[in-house]
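The values are calculated or read from the model by the stated rules, or taken from the named source; none is laboratory data. Keep in mind that what you see is a predicted model, and the values were worked out from it rather than measured. We place every Cβ from the backbone using ideal geometry, glycine too, and count neighbours over all the protein chains shown.
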Amino acid sequence: MSESTKQAAVPKKKMTTWEKNQFVYGWAFILPTMLGLIVLNIYPIFLTIYQSFCKTGDFGRGNVFIGLENYATMLKDPAVWQSLLNTFKYAIIEVPFSIAISLVLAVFLNRKIKFRSGYRTIFFLPMIAAPAAVAMVWRWLYNTQFGLLNHIFGTHIQWISDPKIAWISVAVIGVWSIIGYNMVLFLAGLQEIPGDYYEAASIDGASGIREFFSITIPLLSPTIFFVLVTRVIGALQVFDLVYVVMDRTNPALPKTQSLVYLFYQTAFTNGNKGYGAAMVMLLLAVILLITVVQMYGQKKWVHYD
Amino acid sequence: MKKRFVAMAMAGVMAISLAACGGGSGDSGSSGGSSGDALQVVIWDNNQQAGLQEICDDFTAETGIEAKVEVKDWDSYWTLLESGASGGDLPDVFWMHSNNSQMYMKNDMLLQLDDYIAASDEIDLDNYMPEITELYTMDDKHYAIPKDYDTVALWYNKTMFDEAGLSYPDETWSWDDLLEAAKALTKDDGSQYGFAMNPSNDQDTYYNMIYANDGYVVNEDHSASGYDDPKTLEAMDYVGDLLAYCPEPTVMSETGTDVLMQSGQVAMITQGSWMIAGFKDNDYMTENCDIAIIPFNANTGKRVSIINGLGWSAAANTDRPDDCWALLEWFGSKAMQEKQADLGVTMSAYEGTSENWVNNTDLFNLAGYMDVTEDKAGDADNELVLRPYTYNSTKWSTMCQEQLVNAWADPSKMEDVCIDIASQMNEMIASENK
């Protein structure tokens, strides 16, 4: 493909039959995806932007344009900012821990050890389970009265009802469920690193830890970067864990609910779609900003060959 | 080997996401409904699914039209309906509730039934509890067939009462007696509590106490909050007192008061009649627990049970209005209303079926739910109060429950919280799109 585009860019020659075929089939193959994207993603994005400037009636009917009023309300709404803070707190636990743990796991499971595929499968399993089901099980593990955790430790900790620790408890579920996915990506990255480097290092007498920091991490940095960017985005959009684990009358909810959860409550439970749209626009702006910063930041630490 | 593992993992992920898509489209596909498909019937109460599916199966045997009952939990039910209504893709047949019925009727989301009712031999709206019919009527037009009604009664744990040497609750009990008993039944070591109620248990706990004390939650023309009414505040103070003999609020919100009752952690709860179907399947409940009539207020001499009733509605834009109507007519027919009561699904809205319901099980004394519908019980005057509602009750009732969490955590703040609720609630009601 890249070969042919280079040729096509060279001074105007007529397309050969082969190039024409490439062109037609290329478009034919991406067209379904493009259509899907436009209908399901791009068009709704613009609708949402428009809706954030509107007051919506019952059942989302009768949009009345009200300019920036939703945004003005949002600036003054402490619940929005608290939720944004909660979202950051969640991400600050989920992203670094899930990356660090899965990186270490990936390195270990990249070696020749017994039952390697077995371990890989086990760590990947949480990915296969539906997030809502996972959260449901954790909700019972965390239960103060009957939960397995308190039962084993003989404690009476309110894992998900104490505002001081509930956000950590939720983030732990997040870490647990994403480790396998990150690990698979890291494994793929690790297998691209030629063994020669490690051989040379071990002849020079480098320890395993030294190898990890001086060879593995720099050479794996493109993968780490990719995982970091996607995980930050994913973590900032956390919803299902909070939704399933936290009951609406849970005292820790205001200090735990994520921005997407608040959006859901506003737009769908309270039927205030315009204001909900404004909230997701805020989230979009925040994610855009962070991602742009990361893109610039990568020059400092990501090594491409 | 390495590549293959990664490829397999990726394939796995794709398979999962495909499966997710498959599930999603299956859900929405069935409501589009060509006539060969089953009618999609959506409800929110898991305990009623088996009984209602049986009634639907009878319907299929009679008419050849298939109908499948699906259950969502309360919150996702209303989200489903709301987004279905917004997107023009409501389920075929579903429950309507007084919380939101005004909004759905006003926006023409529900199939208007008057012509069908006029032409029907089975349905005569005079046969149903008038309060329930009223809930689903707007401008003299009818949008639902009354399905059931529910009252509230007191559940108590006989074993715990015996152990404490207390006599069982009966029609002579006032709310003050209940408070005394709750105190006596609470153990210091935290292994047993007298009572349990969560802010989410509005209809089955504190609403009853408020109205028995001559307070109110929503005024009579559904336009203002009563949370700052002195009588309401007095009742909510009582709620605060009672909370001293309840498990920690966090435990009640995490676990649910019904589960606490079923696991022998609390001695009493007040609960709606809709819980019977679930409780009678629980061995601990059937062995240890029974039902008494709800207590009365000693000052006012009034015993209040909140009642509410659901209606069967169909989507206004369904492709198969006649099939939907046939099912509504079936659900509303005398025979099926009796069957619903016989099976113990719920009390039926059809007048004269209460005996059927009371006899559906001998595991509990169901008269506790029925006696409150009489004019008097003991010395107290009985009164049934419709669950308070406005044009769109979801918004303010959610807010109230979330705010009351603060009062539950610290009952001394009860009054401030209630007054704050009243002002927020008035604002919300004023902004409803009437």
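Considering segment A:157-183, and only residues there that are surrounded by 23 or more Cβ atoms within 10 Å (Cβ to Cβ), within 13 Å of another protein chain (Cβ to nearest Cβ) and of a type outside the set (Gly, Ala, Ser), the residue that is nearest to A:Ile92 (Cα to Cα) turns out to be A:Ile178.
Filtering B:Ser191, B:Ser174, B:Ser200 for residues that are among the hydroxyl-bearing types (Ser, Thr, Tyr) and within 21 Å of the chain's Cα centre (by Cα) leaves a single hit, B:Ser200. Filtering segment A:247-267 to residues that are more than 9 Å from chain B (Cβ to nearest Cβ) and of a type outside the set (Gly, Ala, Ser) leaves A:Lys255, A:Thr256, A:Gln257, A:Leu259, A:Val260, A:Tyr261, A:Leu262, A:Phe263, A:Thr266. Within segment B:350-362, at least one residue is free of Cβ contacts under 8 Å to residues at least 24 places away in the same chain, farther than 22 Å from B:Thr286 by Cα and buried (at least 18 other Cβ atoms within 10 Å of the Cβ).
All told, A:Pro194 falls short of being surrounded by fewer than 21 Cβ atoms within 10 Å (Cβ to Cβ) and touching a residue at least 60 places away in the same chain (Cβ under 8 Å). For segment B:126-145, the tally of residues that are buried (at least 18 other Cβ atoms within 10 Å of the Cβ) and not polar (S, T, N, Q) stands at 9. Criterion applied to B:Glu234, B:Glu254 was being at pLDDT below 95, of a type in the set (D, E, K, R) and in a helix (DSSP H, G or I), and the one residue passing it is B:Glu254. Of A:Arg248, A:Arg231, all but one fail to be within 22 Å of A:Tyr142 (Cα to Cα) and either modelled with pLDDT of 95 or more or not β-branched (Val, Ile, Thr) (or both); the exception is A:Arg248.
Take segment B:51-78 and flag every residue that is within 14 Å of another protein chain (Cβ to nearest Cβ), of a type in the set (D, E, K, R) and out of contact with any Leu (no Cβ under 7 Å at 6 or more places or on another chain). Hits for segment B:51-78 are B:Asp73, B:Asp75. Of the residues B:Trp330, B:Trp312, the single one that is closer than 30 Å to B:Gly87 by Cα, more than 19 Å from the chain's Cα centre (by Cα) and touching a residue at least 12 places away in the same chain (Cβ under 8 Å) is B:Trp330. Summed over segment B:248-264, the residues that are hydroxyl-bearing (Ser, Thr, Tyr), more than 19 Å from B:Asn288 (Cα to Cα) and touching a residue at least 40 places away in the same chain (Cβ under 8 Å) give a count of 1. When residues in segment A:227-246 are screened for being away from chain B (no Cβ under 14 Å) and more than 19 Å from B:Ser253 (Cα to Cα), 10 of them pass.
Just checking, does segment B:360-380 include any residue being touching a Gly at 6+ places or on another chain (Cβ under 8 Å) and within 14 Å of chain A (Cβ to nearest Cβ)? No, the conditions are met nowhere in segment B:360-380.
Name every residue in segment A:117-143 that is touching an Asp or Glu at 6+ places or on another chain (Cβ under 7 Å) and either small (Gly, Ala, Ser) or at pLDDT below 90 (or both), in order of residue number. Residues satisfying the conditions are A:Pro131, A:Ala132, A:Ala135.
Considering segment B:98-214, the qualifying helices (runs of 4 or more DSSP H), each wholly inside and each with 2 or more residues that are at pLDDT below 95 and not assigned by TED's automatic domain parsing to the domain that holds B:Tyr245, run over B:101-106, B:114-119, B:130-135.
Scoring A:Leu288 on the criteria (1) in contact with a helix residue (DSSP H, G or I) (Cβ under 9 Å, 6 or more places away or on another chain); (2) away from every other protein chain (no Cβ under 14 Å) leaves a single failure, condition (1). Residue count for segment B:275-299, restricted to those that are in a helix (DSSP H, G or I) and farther than 24 Å from B:Gln49 by Cα: 2. Residues in segment B:105-126 that are more than 14 Å from every other protein chain (Cβ to nearest Cβ) and free of Cβ contacts under 8 Å to residues at least 40 places away in the same chain: B:Asp114, B:Asp115, B:Ile117, B:Ala118, B:Ala119, B:Asp121, B:Asp124, B:Leu125, B:Asp126.
Reported count of residues in segment B:402-434, each being acidic (Asp, Glu), under 15 Å from B:Ser225 (Cα atoms) and within 11 Å of another protein chain (Cβ to nearest Cβ), is 1. Of the numbered criteria (1) in contact with a Ser or Thr (Cβ under 9 Å, 6 or more places away or on another chain); (2) surrounded by fewer than 16 Cβ atoms within 10 Å (Cβ to Cβ); (3) within 16 Å of B:Gln271 (Cα to Cα), the one B:Asp379 fails is (3).
Of everything in segment B:276-289 that is out of contact with any strand residue (DSSP E or B) (no Cβ under 6 Å at 6 or more places or on another chain) and buried (at least 20 other Cβ atoms within 10 Å of the Cβ), the residue that is modelled with the highest pLDDT is B:Met285.
The set of residues from segment B:391-401 being at the interface with chain A (Cβ under 9 Å from one of its Cβ atoms), in contact (Cβ under 8 Å) with a residue 40 or more places away in the chain and in a helix (DSSP H, G or I) comprises B:Thr394, B:Gln401. Of all residues in segment B:257-314, those that are basic (Lys, Arg) and within 24 Å of B:Ser98 (Cβ to Cβ) total 2. Hey, does segment A:67-76 have a residue that's over 30 Å from B:Met105 (Cβ atoms), surrounded by 14 or more Cβ atoms within 10 Å (Cβ to Cβ) and away from chain B (no Cβ under 13 Å)? Checked segment A:67-76: at least one residue is over 30 Å from B:Met105 (Cβ atoms), surrounded by 14 or more Cβ atoms within 10 Å (Cβ to Cβ) and away from chain B (no Cβ under 13 Å).
Taken over segment B:84-97, the residue count meeting the criterion of being within 19 Å of B:His142 (Cβ to Cβ) and in a loop (DSSP other than H, G, I, E, B) is 3. For A:Ala106, are the conditions met, namely being buried (at least 22 other Cβ atoms within 10 Å of the Cβ) and in the same structural domain as A:Leu236 (by TED's automatic domain parsing)? Considered against the rule, which asks whether it is buried (at least 22 other Cβ atoms within 10 Å of the Cβ) and in the same structural domain as A:Leu236 (by TED's automatic domain parsing), A:Ala106 comes out as yes. Taken over segment B:79-104, the criterion of being surrounded by fewer than 23 Cβ atoms within 10 Å (Cβ to Cβ), within 14 Å of chain A (Cβ to nearest Cβ) and either touching a Leu at 6+ places or on another chain (Cβ under 8 Å) or of a type in the set (A, V, I, L, M) (or both) is satisfied by B:Leu80, B:Gly84, B:Met103. Of the residues examined, A:Gly154 is one that is away from every other protein chain (no Cβ under 14 Å) and under 30 Å from B:Leu260 (Cβ atoms).
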